[in-house]
Amino acid sequence: MTHKIAVLAGDGIGQEIVPEAVNVLKALEKTDGLRFEFEEAPVGGTAYDQTGHPLPEATLKLAKAADSVLLGAVGGPKWEPLDYSVRPERALLGLRAELGLFANIRPAKVYEALVEASTLKREVISGVDVVVVRELTGGIYFGQPRGVSVENGQRIGRNTAVYSESEIRRIAKVAFEIARKRGKSLCSVDKANVLEVTELWRTVVTETHKDYSDVKLSHMYVDNAAMQLIRNPRQFDVIVTSNLFGDVLSDEAAMLTGSIGMLPSASLNDQNKGMFEPIHGSAPDIAGKNLANPIATILSMAMMLSYTFGEMKAAKRIEDAVNAVLTKGLRTGDIWTEGCSKIGTKEMGAAIVGEIINSPGCATPS
């Protein structure tokens, strides 16, 4: 079977990290007999410059037709003066909505080789392995009414947090399923003491728990969860939360690992078709300088293989290759510590490919 992948590099460092991820998949074609078909298309600010829209119709058509989507990063200061409706970030919201990508899965795992790269103490972060499951197509980012209007002579900004019972239940089921395969512990994060919409969230998650009695369920207010992620992150296994809270907490969890450049993500629909991307931005300040860390994007390919294609062995080969490279002391600048070898984007990608090609037990090259 040939897996068709839409390759949307986007802006800034997306143009550098995405090719390294593609190279990793091409390496797996040689070692594991997998087959991929790659087709590229512009998205974000780059697409706006070419077509006048951050998500051109041709790009959206390609994304819908593909088996999976590999996304780099979008945005940058160059496009900030644009009207909100055509800013690069609107492409992300458009892809999520059009592809029905309601479940965002963001693992934050601290590699032992990178413990010293974190700003937190070893005893706090060693062994951290948490997954944040974020609802992605509802909540305050999509609710209506929204916008800025003039009322009584002054400007009023308005966004609406809305969740239906069905939206909450389906993301809760995704989180319970993931927890069931891991440590059987799920923490639902809300603000039910002051927000009625998250009071409903807590109620529906609790109701859904009846079908997952083997999983331990707890609830936590978002302000406490933010504190606990720094104070004692090992208490968490899987976290499920809303679009807004998940956006914030997953970035906080990223810094436990030492760099946001280490964290992959998957955004899935109800058929497990997904868009896979690093959680970091386009980093225009280092774009084109061979400085960006491609590991988050490469690990996103492991998630693609696992969640969408069911290729668990190949996914583990990527994860093992990343761990091997880090154990050897190879580092991009964002995760560099004294005594390690500082390398660039291309060199890191090549090192990971080398580990895949040369790893014991790989299939006979085709």
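Of the residues 101, 25, which single one is part of a loop (DSSP other than H, G, I, E, B) and either surrounded by fewer than 19 Cβ atoms within 10 Å (Cβ to Cβ) or among the aliphatic types (A, V, I, L, M) (or both)?
101
Residue by residue through segment 285-322, note down the ones that are under 19 Å from the mean Cα position of the chain (by Cα), of a type in the set (Gly, Ala, Ser) and part of a loop (DSSP other than H, G, I, E, B).
Within segment 285-322, 292, 310 qualify.
Condition first: out of contact with any Leu (no Cβ under 6 Å at 6 or more places or on another chain), outside any helix (DSSP H, G or I) and of a type outside the set (Asp, Glu). Now tell me which residues in segment 191-215 satisfy that.
Answer for segment 191-215, where residues must be out of contact with any Leu (no Cβ under 6 Å at 6 or more places or on another chain), outside any helix (DSSP H, G or I) and of a type outside the set (Asp, Glu): 191, 192, 193, 194, 195, 212, 213.
Looking at 218, 188 in this structure, which one is at pLDDT 95 or above and either assigned to a loop (DSSP other than H, G, I, E, B) or closer than 15 Å to residue 243 by Cα (or both)?
Matching residue, one of 218, 188: 188.
Evaluate the following for residue 358: is it polar (S, T, N, Q) and modelled with pLDDT of 95 or more?
no
For residues that are in contact with a His (Cβ under 8 Å, 6 or more places away or on another chain), of a type in the set (D, E, K, R) and either touching a residue at least 24 places away in the same chain (Cβ under 8 Å) or over 21 Å from residue 225 (Cα atoms) (or both), tally how many sit in segment 153-211.
Total meeting the criteria: 1.
Considering (1) buried (at least 17 other Cβ atoms within 10 Å of the Cβ); (2) touching a residue at least 60 places away in the same chain (Cβ under 8 Å); (3) not in a helix (DSSP H, G or I), say which one residue 261 fails and leave the rest.
Unmet condition: (3).
How many residues does segment 28-52 contain that are crowded, with 23+ Cβ neighbours inside 10 Å and over 19 Å from residue 66 (Cβ atoms)?
Here the count works out to 2.
Give the residue that is nearest to residue 263 (Cα to Cα), with candidates limited to residues of segment 132-149 that are touching a residue at least 60 places away in the same chain (Cβ under 8 Å) and assigned to a loop (DSSP other than H, G, I, E, B).
Selected residue: 136.
What's the number of the only condition in (1) under 23 Å from residue 54 (Cα atoms); (2) within 19 Å of the chain's Cα centre (by Cα) that residue 107 fails to meet?
Result: residue 107 passes all but (1).
Scanning for something over 30 Å from residue 325 (Cβ atoms), modelled with pLDDT of 95 or more and not in a helix (DSSP H, G or I), does segment 228-238 turn up at least one residue?
Within segment 228-238, none of the residues are over 30 Å from residue 325 (Cβ atoms), modelled with pLDDT of 95 or more and not in a helix (DSSP H, G or I).
For segment 52-91, which residues satisfy the criterion of being free of Cβ contacts under 8 Å to residues at least 12 places away in the same chain and either farther than 26 Å from residue 270 by Cβ or part of a strand (DSSP E or B) (or both)?
Answer for segment 52-91, where residues must be free of Cβ contacts under 8 Å to residues at least 12 places away in the same chain and either farther than 26 Å from residue 270 by Cβ or part of a strand (DSSP E or B) (or both): 80, 81, 83, 84, 85.
Run down 256, 186 and say which single residue is touching a Pro at 6+ places or on another chain (Cβ under 7 Å), surrounded by 18 or more Cβ atoms within 10 Å (Cβ to Cβ) and within 17 Å of residue 109 (Cα to Cα).
The conditions single out 256.
The values are calculated or read from the model by the stated rules, or taken from the named source; none is laboratory data. What you see is a predicted model, and the numbers here were worked out from it, not measured in a lab. Glycine also receives a Cβ, built like all others from the backbone with ideal geometry; neighbour counts cover every protein chain displayed.
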